[in-house]
Structures are given as C-alpha cells and as structure tokens.
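Asker: Here it is, the structure in full.
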Amino acid sequence: MVKQPRVRRSKSILPTPHDLYVKGILQHPELALHFFKFALSKIRFPTLTSNCLSRATDSFIDAQLKQHYLDICYFYQNPKEGLPTFVFLVEYKSQNPVLGHLREQLNRYITNSWRSSLQTQTAFKLIIPIVLYHGKKKLSTHEPIALFPGLPTHFLKFIPQFDYIEIDLFVMSEMELGELNPPFLRLFFKTLKYGRHHQICEYLWDDFINFAATSKQNKKKAHFIQLTVQYLINISEPFKNKLQEMRKTTAPKHPEKVFKDFVIAYLKEELQQERQYGIEKGVHQTVQKMLVSFSIKNPNLPIDVIAETFELDVDLVKKILKNIHIKDKDEFTKER
C-alpha cells in the first residue's frame, strides 16, 4: 500500500489579486453595508443600519487561520432589536474547495468565537457565514453527510450542522446582475464574474465607463474604481490593452473623457502599483520556491489540492510549476 503524502500548509501565504480586491472593497464600511444588505436579503434579517455595523477584530481567529485566510468580519448589534451580536463573516473563494475544507474552516471560526466568549465571559456572538464565490464552474456545496459515504441516517445527528449564505457568481445570470443596486455592487460582482474572461470588455466596459465618470467628486466611488482598475490590470490582459488604447485615442463622449483623465493619472504609477500588488511581475520568490519544493516532494498530489493548500489559483500554480527547471521536468509535467 502506497503511503499518501501528508498535506501541510505553508507558513507563508501570498494573497491572490482576487483576495486583495475583495478585501479592499469590503474594508470600506459603506460598500460593505450594501453587500451585506444583498446577502442578508436571502434570509429574514432585520433592516441593516450603518450605525450598528462595525469592523470586527480577529480575536477569535486562531493563528493558523490568520496565516492562511483573508476573510472579512463585521459586528452588527442593534440594542433596540433585543438580538445577540451578529458577526458577518465573508469567506471568499475563487475556486471550488476540496471536500470538507469549507465546512471545517467555517466551523473553526464558530468554535473559536465561542471559546473567546467563554474565556472573556462575554455574551456569545452569532456568526453568519457568507461565502462569495466566482469560480469557473458551479460551487460544490458539500453537505456534511458527503464526508461519510454510506452512513446510516440515524447517525446524522452526530455530525455538526450549520448553514451559510451562498453567493455563487457563476450561476448568476446577466439579467440578475443587471438588476442589482447600487451600481457599485453590480460592477463589483460583474468584475469578479468576468474579470478572467477573454471578452471581459464586452461584458462590463460600458458599465465601468459610466460608473467611473461619476466618481471624480465621490471618495467612495473613487476608492472603488481605483481598486477595480488595479485589480483588472493585474488579471486581465484584454482590459489592460483597452486602457492602453484609450490613452492613445480621443475620447468622444463625456464619460469616456472623464475616465481617460483618471486612467492617465493612474497609469503613471502603474509599475509601482503592480509591484505592490504582487502578481503582475510574478509570485514572490520565497513563496514560489516553497511551492516548487512542496510539489517536488509530493509528486502525486493533484494540482487542485496543491492550489487549495497554498490558497492560490489553480491557473497560477500551473503557471509556476510549468516553469520548474528540474532534471526530469518532462516526466514531472506529464504526471500532472
């Protein structure tokens, strides 16, 4: 019997552009409020008010979770409603998690929160997990029973049960996206959904131009546009080429002219932004070497498992491993 290699998580994780973009957008309380209103519309939740929403500390997130995840947490407490303090936890995924991983991760957040309340002798907080997903196929929602194939139903009561809100952008139609309000939420979801699509400009260029044209005097909108431009420059060659074309041509319409002025000012700092963002010029050398070493030592692990272990995109891992310079490179690649 061949012993399976033990999967261990690295001690240093490089965030993907998707992680940084989602966290950058939802760190803004006003933008996060609209996102939560949309997510919580799926359940019977009281009307959200901005003065009851605040960024949560990560005191209940253990050391391993801190090292590997870039989740967003907000507290929500409205004394007038007589309800406990809620924690809105946004768990972001750009690819399907392996069986059991998502529920294990969310369960750990919940139990750590309870442990924190016991240690500090404070009231328990109710965590509402919100899974935001924009992978290349439908999100796999593994029920706990899937972990135990063939288990008789009378044993189900021994499996931890909890629910989460699922926002699967893969299954959202263009019509559903078009009806979203406010406009930033619509553009946010479309950017994630179509950002890696080779025809990205056909899906969101007009929306992007029209929204950007109104952002000059609005700090919230300007913040959103800057992060979105930065994100798309790093992941979308078609979008980046479109911006470069815009710089060279005359913008006939007012929205395009306003956006062109913004783009020209932004692209002056492009190289600095790309270095800070980390992906455009390649993965950080230390993490890259660690990933290559891990792959060589575990040659039987599938690409998707390695990607999930390091919390990186499958395509990014493939790109790194494709450039490995080892003696039996052809054989290694063939095994993959």
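Asker: Looking at (1) at pLDDT below 90; (2) of a type in the set (Gly, Ala, Ser); (3) farther than 25 Å from THR191 by Cα, which one does SER140 not meet, given that it meets all the others?
Answerer: Checking SER140 against (1) at pLDDT below 90; (2) of a type in the set (Gly, Ala, Ser); (3) farther than 25 Å from THR191 by Cα, the one that fails is (3).
Asker: A follow-up question, please. With the requirement that a residue be touching an Asp or Glu at 6+ places or on another chain (Cβ under 9 Å) and more than 18 Å from LEU31 (Cα to Cα), what does segment 74-98 give you? I'd like the intermediate steps shown before the answer.
Answerer: Of the residues in segment 74-98, the ones touching an Asp or Glu at 6+ places or on another chain (Cβ under 9 Å) are 89-92, 94-98.
SER94, GLN95, ASN96, PRO97, VAL98, listed by residue number.
Asker: Sort through ARG103, ARG115, ARG108 and tell me the only one that's among the basic types (Lys, Arg) and buried (at least 20 other Cβ atoms within 10 Å of the Cβ).
Answerer: Going through ARG103, ARG115, ARG108 in turn, the sole match is ARG103.
Asker: Checking ASP19 against (1) assigned to a helix (DSSP H, G or I); (2) at pLDDT 90 or above; (3) in contact with a strand residue (DSSP E or B) (Cβ under 7 Å, 6 or more places away or on another chain), which single condition isn't satisfied?
Answerer: The failed condition is (2).
Asker: Looking at segment 134-163 only, could you name the residues that are buried (at least 16 other Cβ atoms within 10 Å of the Cβ) and within 18 Å of the chain's Cα centre (by Cα)?
Answerer: Listed by number, the residues that qualify are HIS134, GLY135, LEU139.
Asker: So, one more: Please give the number of the condition GLU176 fails out of (1) free of Cβ contacts under 8 Å to residues at least 24 places away in the same chain; (2) exposed (fewer than 12 other Cβ atoms within 10 Å of the Cβ).
Answerer: Failed condition: (2).
Asker: Something else: If you take the residues of segment 188-225 that are surrounded by fewer than 19 Cβ atoms within 10 Å (Cβ to Cβ) and of a type in the set (S, T, N, Q), which of them is farthest from PHE35 (Cα to Cα)?
Answerer: GLN199
Asker: Looking only at helices (runs of 4 or more DSSP H) that lie completely in segment 121-219, which have at least 3 residues being of a type outside the set (Val, Ile, Thr) and in contact with a Lys or Arg (Cβ under 7 Å, 6 or more places away or on another chain)?
Answerer: Output list reads 200-212.
Asker: Which condition breaks for LYS216 when tested against (1) basic (Lys, Arg); (2) touching a strand residue (DSSP E or B) at 6+ places or on another chain (Cβ under 7 Å); (3) modelled with pLDDT under 90?
Answerer: (2)
Asker: One residue is enough: does segment 71-83 have a residue meeting the conditions surrounded by 17 or more Cβ atoms within 10 Å (Cβ to Cβ), at pLDDT below 90, of a type outside the set (Asp, Glu) and outside the structural domain of ALA222 (by TED's automatic domain parsing)?
Answerer: yes
The values are calculated or read from the model by the stated rules, or taken from the named source; none is laboratory data. Remember, it's a predicted structure, so these values are computed and weren't measured experimentally. Don't worry about glycine lacking a Cβ; one is built from the backbone with ideal geometry, like all the others, and counts go over all protein chains shown.
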